[in-house]
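S.K.: This is the structure I have questions about; it appears just below.
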Amino acid sequence: MNPPLHPVIRLEDIHKTYDTGDVEVKAVRGVSLEIQQGEFLAILGASGSGKSTMMNILGCLDRPTRGNYFIDGVNVSELDRSELADVRNEKIGFIFQGFNLLARTSALENVELPMLYRRKSRGADVRTRALRALDIVSLGDRVDHLPNQLSGGQQQRVAIARALVNEPALLLADEPTGNLDSRTSIEIMGVFQKLNEQGITLIMVTHELDIARYTRRNIVMRDGCIISDKLVEDRLSAETELQKHTLAAEAIQLVP
């Protein structure tokens, strides 16, 4: 008999309280949530809603004050700092708004970096896997380029390849289109949609409602609580939206 499937993410009554000295700030208040393998969801909310704190907890960058957090069946709430670091490197891929690439390091070397912290990684294997990750995001011909030789969209693709290279249980993207123009933002969402179609689990924090429509599920937070959790009914296709964008640009060029 096959073992029962478990969600990639399970939160049980998660609370996070910050003590600022004079007052306690309750950033997350009793959140329970399950995310299955292969989901693509967005966490939305205004400033102070708790979405950034939620992302930090999901990424094992911060501990909940109370409650249990299971990732890939492991209760990470009970792990020490060293064990948490291993979980972050082996089970989670991070994608940030500011790309966070090393400026004097090639695209290939940036992607190789997470593997250097894994004891199981070896030289030839590291290079092969990094090249494969860059191919996945269509940057196989830019492996020797430095970040300043790449466009913003290409830099974000390098960051996505870096997040993918350790084959994590999930990808966490924090405002991944925040520094990009509208067309490049759609291109990046297209990369995410293709990755999700391959079965990769993605969680994205964004304040942009139109960007959230490229995902499959939207969670809205307010005052540290989930106030809405719905499937996206009018989901956008990045491929279709890029075609519309191209036609609109061509129409503008034709105007005398």
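S.K.: Along Cα→Cβ, 7 Å out, is where each label goes; now give me the distance between the ones at Cys225 and Ala103 in nm to one decimal.
M.R.: That separation, rounded to one decimal, is 4.6 nm.
S.K.: Give, in nm to one decimal, the length gained when the segment between Glu167 and Ser47 is fully stretched (0.36 nm per residue of separation minus the Cα-Cα distance).
M.R.: The Glu167-Ser47 span can extend by a further 40.0 nm.
S.K.: Can I ask one more? What order do you get for Ile252, Ile160, Ile136, Ile92 when you list them from fewest to most C-beta neighbours inside 10 Å?
M.R.: Arranged by neighbour count, lowest to highest, Ile252, Ile160, Ile136, Ile92 become Ile252, Ile136, Ile92, Ile160.
S.K.: OK, next. Under the 0.36 nm per residue contour assumption, what length would be gained going from the current alpha-carbon distance of Arg132 and Ser151 to full extension?
M.R.: Fully extending the segment from Arg132 to Ser151 adds 4.8 nm.
S.K.: In percent, what relative contact order does the chain have, based on Cα pairs under 8 Å that are 6 or more apart in sequence?
M.R.: Over the chain, the number comes to 26 percent.
S.K.: Work out the charge dipole of segment 1-92 with +1 on the Cβ of Lys and Arg and -1 on the Cβ of Asp and Glu about the Cα centre, then indicate which of Cys60, Ser47, Val23 is farthest towards its positive end.
M.R.: Ser47
S.K.: When the dipole is taken about the Cα centre of the chain, and only Lys, Arg (+1) and Asp, Glu (-1) are charged at their Cβ, what size is it in debye, to the nearest 20?
M.R.: So the dipole magnitude of the chain works out to roughly 400 debye.
S.K.: Please list, or write none, the lysines whose alpha carbon is within less than 30 Å of the alpha carbon of Lys26, excluding same-chain residues fewer than 8 places away.
M.R.: Lys16, Lys51, Lys91, Lys230
S.K.: Rounded to two decimals, what is the ratio between the C-alpha radius of gyration of the chain and 2.2 N^0.38 Å? If you can, show how the numbers build up before the last one.
M.R.: Working: Rg = 19.2 Å, N = 256, 2.2 N^0.38 = 18.1 Å.
That works out to 1.06 for the chain.
S.K.: Stretch Asp234-His15 to full length: gain in nm at 0.36 nm per residue minus the Cα-Cα span?
M.R.: So the extension gain works out to 75.6 nm.
S.K.: Normalised by the empirical 2.2 N^0.38 Å for globular proteins, what value does the Cα Rg of segment 32-167 take? Mind showing how you got there, number by number?
M.R.: On the way: Rg = 16.3 Å, N = 136, 2.2 N^0.38 = 14.2 Å.
Cα-based Rg divided by the globular estimate yields 1.15.
S.K.: Divide by every residue of the chain the summed helix terms, -39500 (n - 2.57) for each DSSP H run of at least 4, and state the resulting mean residue ellipticity at 222 nm, rounded to the nearest 500 deg cm²/dmol.
M.R.: Here the helix-only value at 222 nm equals -10500 deg cm²/dmol.
S.K.: At 7 Å along the Cα-to-beta-carbon direction for both Glu90 and Tyr117, put a label point, then send me their distance in nm to one decimal.
M.R.: A separation of 1.4 nm, rounded to one decimal place.
S.K.: Which percentage, to the nearest 5, of the DSSP beta bridges contained in segment 9-250 is antiparallel?
M.R.: 55
S.K.: Okay, moving on. Label Leu79 and Ser32 with points 7 Å out from Cα along Cα→Cβ: what is the distance between them in nm?
M.R.: The modelled label-to-label distance comes out at 2.4 nm.
Since every read-out is calculated from the coordinates, none of them should be taken as a lab result. Since this is a predicted model, take the numbers as computed values, not measurements. Note: ideal-geometry Cβ built from the backbone for every residue, glycine included; neighbour counts use all protein chains shown.
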